[in-house]
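First comes the structure, then the notes that go with it.
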Amino acid sequence: MLTGKVAVITGGTRGIGNAIANLFAKNGASLAIIATRDNERAQKAINTIKELGADVRLYVCDVKDAEQVESVSEEILADFGKVDILVNNAGITRDNLLPSLSVMDIDDVIDINLKGTMFVTRSFIRSFVKQRHGNIINISSVVGLMGNKGQTNYAASKAGIVGFTKSVAKEYGRRNVRCNAIAPGYISTEMTEELSEAQVSELKAQLPLTRLGLPEDVANLALFLASENSSYITGEVIKVDGGMYV
Ligand code: NDP
């Protein structure tokens, strides 16, 4: 479904981003993966993508640093010649009740989740406009739509991504650039592994589909949004949450 396409995925060495990278690779895309570190684990993820037959390169970049983002995006465009698809997936949590959140807890979450998404999109938008096509997929969260106690900073960052997604869709639709967001519910990754067994059981009992999601559940939607099968969809926020927020 993605033969000949070049995709940039932020946070593509672990969790949801890595599942998206693997699925895109299986579907013929070339991949530029952005992560904060190039360690043994990141190399293992890159090798797996290579074994799937993809041309893949790892770029170390902190998405909250606008200058780093600008230079890495130039490097990616020079290395691959073009970018067709951008997946803004990098994200963190720093959960606590509002009075206990430090300034850094608030800054880091807004800077990485929201401003990072804006910086990376801003860096590639000119090339999308120039080539008259581009496809942006932002990973928001169901928490950005429904709110959640203990996640005021995170929910605000993810709600911000919703507004950003709709605005980019309106600003660049006429240039054939699409922008959509995915709002996952609870997905089994390192981000959610801090939940106790009791919390997981309680969660499952509340979910219509009675299970936590898998990274692959999100990747399947990302593939659809990245492909021409979704060519008349832009400005949408689609939940992958097992019915958590109906
Ligand atoms: P993980 O913690 O498993 O992975 C996070 C990824 O983001 C890592 O690859 C990490 O790179 C990267 N990253 C973090 N900070 C930065 C940064 N400053 N610059 C560049 N890359 C960075 O998270 P998930 O896979 O669970 O989450 C992926 C996305 O999905 C996030 O945006 C998250 O908010 C969202 N989401 C997750 C849900 C869940 O239940 N898991 C639910 C709803 C949304 P590195 O390996 O180098 O640290």
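The values are calculated or read from the model by the stated rules, or taken from the named source; none is laboratory data. This one's a predicted model, so the numbers in the text were calculated from it and none came from an experiment. Positions of Cβ are generated from backbone atoms using ideal geometry, with glycine treated the same way; all protein chains shown enter the neighbour counts. Accessible surface areas use protein heavy atoms only, side chains included; no ligands, DNA or RNA. Shrake-Rupley method; radii C 1.70, N 1.55, O 1.52, S 1.80 Å.
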Which ³J(HN,Hα) values, rounded to whole Hz and listed in residue order, are derived for region 195-205 from phi using the Karplus coefficients 6.51, -1.76 and 1.60 in 6.51 cos²θ - 1.76 cosθ + 1.60 with θ = phi - 60°, glycine and proline given as x?
5, 6, 4, 5, 5, 5, 4, 4, 4, 4, 5
Based on DSSP loop calls and a cut-off of at most 11 other Cβ atoms within 10 Å, the longest stretch of the chain free of exposed trypsin sites (Lys or Arg not before Pro) is what?
150-246
Can you tell me the 0 to 90 degree angle between the C-alpha axis of helix 40-51 and the longest principal axis of the chain, rounded to 10?
50
When every protein chain stays in place and a 1.4 Å probe is rolled, F80, F24, F224 sorted by accessible area with the largest first are F224, F80, F24
Between 0 and 90 degrees, rounded to the nearest ten: what's the tilt of helix 15-26 against the longest Cα principal axis of the chain?
30
Solvent exposure ordering (accessible area, 1.4 Å, most first) of L52, L31
L52, L31
Write down the accessible area per residue of region 6-239 in Å², having rolled a 1.4 Å probe over the full set of protein chains.
48
Taking springs between alpha-carbon atoms closer than 10 angstrom, which of G28, G15, G150 fluctuates most in the Gaussian network model of the chain?
G150
Nearest 10 degrees, 0 to 90: helix 215-226 Cα axis against the chain principal axis:
40
Going Cα to Cα from K149, which lysines come in below 16 Å? Please leave out same-chain ones fewer than 8 positions away.
K158
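For region 6-239, which whole percent of the accessible surface, found with a 1.4 angstrom probe, sits on carbon and sulfur atoms?
That fraction is 50 percent.
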Quick one: which residues, 5+ away or cross-chain, put their amide H under 5 Å from the amide H of C179? H built at 1.01 Å from N.
I136, G235
Along the chain, longest interval not containing exposed GluC sites (Glu not before Pro), exposed being DSSP loop plus at most 13 other Cβ atoms within 10 Å:
1-192
Cut-off under 18 Å on the C-alpha distance; same-chain residues fewer than 8 positions from K50 excluded. Which lysines are left, in chain and number order?
K5, K26
So what does the Cα-only Debye profile of the chain read at q = 0.09, 0.14, 0.15, 0.16 Å⁻¹, as log10 I(q)/I(0), no solvent term?
-0.35, -0.89, -1.03, -1.18
